[in-house]
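The values are calculated or read from the model by the stated rules, or taken from the named source; none is laboratory data. Note that the coordinates shown come from a computational prediction; the quantities given were computed from them, not determined experimentally. Methodologically, a virtual Cβ is constructed for each residue, glycine included, from the backbone with ideal geometry; neighbour enumeration extends over all protein chains shown.
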Amino acid sequence: MKQSLRDWWLTVSNPDPELQRRGRNILIIGLSIIALVICSLPLAAIQPEPWPPLLASFIGVLLIIVVLILVRRGLVGWATIGMIALLTTSFAIIPFASGQIGLVPMYATVAVVVAAVIGQERHVVFAVAVSVAGMIGQWLMLAGQRQVSPSPSEVVAVGITLTIVCGLIAGIGTRSVRRAIELAAAAQSKAEQLAQQLTQANQALEARVAERTAALQAALAESEQRQAALAAALAENERQQREIRALSVPILAVRDDMLVMPLIGALDGERLALAQQRALQAIEQSRAQSLLVDVTGVPFIDHTAADGLVALARSARLLGARLTLIGVSPEVAQTIVGLGVELGDIRVARDLRDAVMRGARA
């Protein structure tokens, strides 16, 4: 609760950070002066004539409260001038009340130091000028009166010297503080700019990464679609090739016990294996006794093709069917003879009609 009350009291209604700093210093100094005045009231009360110092203390407290109100409302510039004027005026008129200068000029340094803490260079100059003018006025107007040692000239000389020295020091300190604050503000502004640039760069990088990620995902999806289409095309191609291979080796039923397998084109090992497989399956399913192989459309038969036909005849014979070779051209006949291939159980017919008639007679 105390911390919250302190924060509330030191709040200055001004957006400028420098004015906020000066305003908080005025609030702290003003409260300290009020506390000192309150503590000095018992000393004033025991004086032979207490009312003048008590009244002066009351007026001074009221004026300081007015200064603090100005600070709270954000009028830090006016509050600074008011605080300096109040302090310098107070130290200047105190000797006139008692007729004794004494050590009062020494307190002028307090106004100068306070100006350095709450103001700028011009406020320090103002405090020094008013304090020096007040001390000179005290010396000129009260020098004719009998003073208590030390002498007025010595006190004023020391007071002026201390005031000027403190003014120089305070001015240098104030300038250094202001310069440090300006540098800190510039550094903060630069840091904020760099942070903003970094944020913009990060946003641009994130947008670029998101864009490239989206493009990569789109390319990946397109690649997957192409792979799927290619796989489908390959599957379709394989299916068509199977159908083409099946159509390249057709098997037709001439009668219940007779099958015809016309062959067209060159006979390689793969095609002979397919022909053997389809022929044996058809013989087993139909229980045919004759397999007519028409080679009218075969341009030539090499040793491999001849051996394949012989192997097909032997396999068919094991299933109870005999193979008849139809449409052997003179070139194919010369090739078979030239290769020395023994046809064995393979029967030969000129054409399909002759083979069917022979099968019918058998």
| So which residues in region 30-57 are loosely packed, with under 12 Cβ neighbours inside 10 Å and not polar (S, T, N, Q), if there are any at all? | 35, 36, 38, 39, 42, 43, 45, 46, 48, 49, 51, 55
| message | Tell me yes or no: at least one residue of region 219-230 is in contact with a helix residue (DSSP H, G or I) (Cβ under 8 Å, 6 or more places away or on another chain) and loosely packed, with under 11 Cβ neighbours inside 10 Å. | response | no
| message | Which numbered condition in (1) modelled with pLDDT of 85 or more; (2) surrounded by fewer than 11 Cβ atoms within 10 Å (Cβ to Cβ); (3) acidic (Asp, Glu) is the only one that residue 236 fails? | response | (1)
| in a loop (DSSP other than H, G, I, E, B) and modelled with pLDDT of 80 or more - does that describe any residue in region 59-72? | no
| request: Evaluate the following for residue 291: is it within 25 Å of residue 242 (Cα to Cα) and part of a helix (DSSP H, G or I)? | output: no
| query | Out of the residues in region 323-359 that are of a type in the set (D, E, K, R) and not in a helix (DSSP H, G or I), which is surrounded by the most Cβ atoms within 10 Å (Cβ to Cβ)? | reply | 347
| query | Among (1) on the phi > 0 side of the Ramachandran plot; (2) surrounded by 14 or more Cβ atoms within 10 Å (Cβ to Cβ), where does residue 313 come up short? | reply | (1)
